[in-house]
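These notes are about the structure you will find just below.
The values are calculated or read from the model by the stated rules, or taken from the named source; none is laboratory data. Please read these numbers as outputs of a predicted model, since none were measured by experiment. Every residue, glycine as well, gets a Cβ built from its backbone with ideal geometry; the counts of neighbours run over all protein chains shown.
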Amino acid sequence: MDRIIPLILAGGRGTRIAGIYPDLPKPAIPVCGKPFLAWILNQLSKADFTKVVISGGHLF
C-alpha cells in the first residue's frame, strides 16, 4: 500500500482576522512566535511524513 500524503487546506480570505493581520495569509499568522503552518508541519514531520500537499488560496 502506498504511503498517505497529508493535505493541508490553507485557503480562505481570513476575514475575521484581517483587522489584526491584513497582509498575512492565515497560515503565516504567528502563534507563540511561529507561523501557524510551521506548527502543523513540525507535527507532521514528527509523525514521519516526508511529503505534504498544501492547498493555498488568498494571499498564499
Among Leu24, Leu44, which is the only one that is out of contact with any Gly (no Cβ under 9 Å at 6 or more places or on another chain) and either of a type in the set (Asp, Glu) or surrounded by 10 or more Cβ atoms within 10 Å (Cβ to Cβ) (or both)? Leu44
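Yes or no, residue by residue, for (1) modelled with pLDDT of 95 or more; (2) touching a Ser or Thr at 6+ places or on another chain (Cβ under 6 Å); (3) part of a helix (DSSP H, G or I):
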position	(1), (2), (3)
Met1	no, no, no
Ile5	yes, no, no
Gly14	no, no, no
Ile17	no, no, no
Ile20	no, no, no
Asp23	no, no, no
Pro27	no, no, yes
Gln43	yes, no, yes
His58	no, no, no
If only one of Gly56, Gly12 is surrounded by 14 or more Cβ atoms within 10 Å (Cβ to Cβ), in contact with a Lys or Arg (Cβ under 7 Å, 6 or more places away or on another chain) and not charged (D, E, K, R), which one is it? Gly12
Return the pair list, or none, for Cβ contacts closer than 8 Å from residues in the range 20-35 that are among the hydroxyl-bearing types (Ser, Thr, Tyr) to residues that are surrounded by 11 or more Cβ atoms within 10 Å (Cβ to Cβ) and part of a loop (DSSP other than H, G, I, E, B), at least 6 apart or on different chains. Tyr21/Gly14; Tyr21/Ile29
Count, please, the residues in the range 40-59 that happen to be among the aromatic types (Phe, Trp, Tyr) and touching a strand residue (DSSP E or B) at 6+ places or on another chain (Cβ under 6 Å). 0
